[in-house]
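Enquirer: Quick one: structure below, then a few questions.
FYI, it's all coordinate maths here, none of it is from the lab. Note that the coordinates shown come from a computational prediction; the quantities given were computed from them, not determined experimentally. Neighbour counts are summed over all protein chains in view; Cβ atoms, including those assigned to glycine, are modelled from backbone coordinates with ideal geometry.
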Amino acid sequence: MSGILGKKIGMTSIFDDRGQMIPCTVIEAGPCYVTQIKTKERDGYDAVQLGYDEIKERLVNRPAKGHFKKSGVKPVRLLSEFRNFNGVQLKLGQEVRVDLFHQGDVVDVTGRSKGRGFQGVVRRHHFGGVGMATHGQSDRVRAPGSIGASSYPSRVLKGMRMAGRMGGERVTVKNLMVLKVIAESNILIVKGSVPGAINGYLEIVKQS
């Protein structure tokens with residue numbers, strides 16, 4: 001299996017053999033359950049759908065109940081597909097655990113970044129602000145400045161960096177090393193930071 005679903009627990013640090021401190025993220029990875037197996041003949045592509053984070057049955061609608069009943073698993077909150085599973089033979093309802101990872105593996109972690117709401121250009125695009133704070137300019141320090149384009153092309157070009165919604169996007173951080181796997185607690189410790197807030201859902205995919 002190439003990947004697993006998990007939840008961000010938080011950040012900490014560990015020390016290596018040379019005594020250097022390494023910042024790392026603690027992830028609760030699994031257990032996940034196989035809720036659907038897609039094949040090229042029936043669905044047009046090969047994939048395995050995993051479910052994570054069990055919830056009460058009353059919280060899911062009837063179509064979802066039928067989907068989970070067919071696969072023989074309890075209702076879960078999160079479903080996600082993994083394409084590359086290296087020909088591993090999986091069965092509906094099979095449990096996928098964190099022990100598929102090993103120390104030294106390189107993984108890509110995908111999550112949803114923290115939503116920052118509507119932000120100005122200084123915070124969103126790291127603008128320096130316009131002009132000096134003196135000579136009567138009391139409200140122009142964090143303003144974007146002129147966006148005009150003169151008589152040609154007489155319009156604002158697409159992609160202009162302006163104020164707007166920031167964060168809350170799907171973000172992938174690549175090439176993170178697995179520092180430790182604690183199988184009995186479903187814990188995966190990876191080097192560096194991963195997207196999202198604490199308790200945010202993550203997809204962890206092992207690089208082939």
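Enquirer: Relative contact order (percent) for region 1-147, with alpha-carbon contacts under 8 angstrom and 6 or more residues of separation?
Expert: On the way: 217 pairs, mean separation 29.9, N = 147.
Relative contact order of region 1-147: 20 percent.
Enquirer: To continue, here is another question. Report the paramagnetic label zone for ILE198: residues of region 3-36 whose backbone N is under 16 Å from a point 7 Å from Cα along the Cα-to-Cβ axis.
Expert: 7-13, 24-28
Enquirer: In degrees, nearest 10, range 0 to 90: what is the angle between the Cα axis of helix 62-71 and the longest Cα principal axis of the chain?
Expert: Relative to the chain, helix 62-71 is tipped by roughly 50 degrees.
Enquirer: Can I ask one more? Can you classify region 118-166 as rounded, prolate or oblate using the Cα gyration tensor, where a ≥ b ≥ c are the square roots of its eigenvalues, rounded means a/c under 1.5, and otherwise it's prolate if a/b beats b/c and oblate if not?
Expert: On the way: a/c = 3.03, a/b = 1.26, b/c = 2.41.
Oblate is the answer for region 118-166, as a/c is 1.5 or above yet b/c matches or exceeds a/b.
Enquirer: Below 8 Å between Cα atoms, with a sequence gap of 6+, how large is the relative contact order for region 118-166 in percent? The partial results should precede the final answer.
Expert: Values: 57 pairs, mean separation 23.0, N = 49.
Reported relative contact order: 47 percent.
Enquirer: Would you mind calculating the gained length between SER113 and ARG83 on full extension (0.36 nm times residue separation, minus the Cα-Cα distance), in nm to one decimal?
Expert: On the way: separation 30, 0.36 × 30 = 10.80 nm, distance 2.32 nm.
Difference between extended and current length: 8.5 nm.
Enquirer: Something else now. Stretched out fully, how many nm does the piece from ASP16 to LYS38 gain, at 0.36 nm a residue minus the Cα gap?
Expert: Working: separation 22, 0.36 × 22 = 7.92 nm, distance 4.19 nm.
The span from ASP16 to LYS38 would gain 3.7 nm if fully extended.
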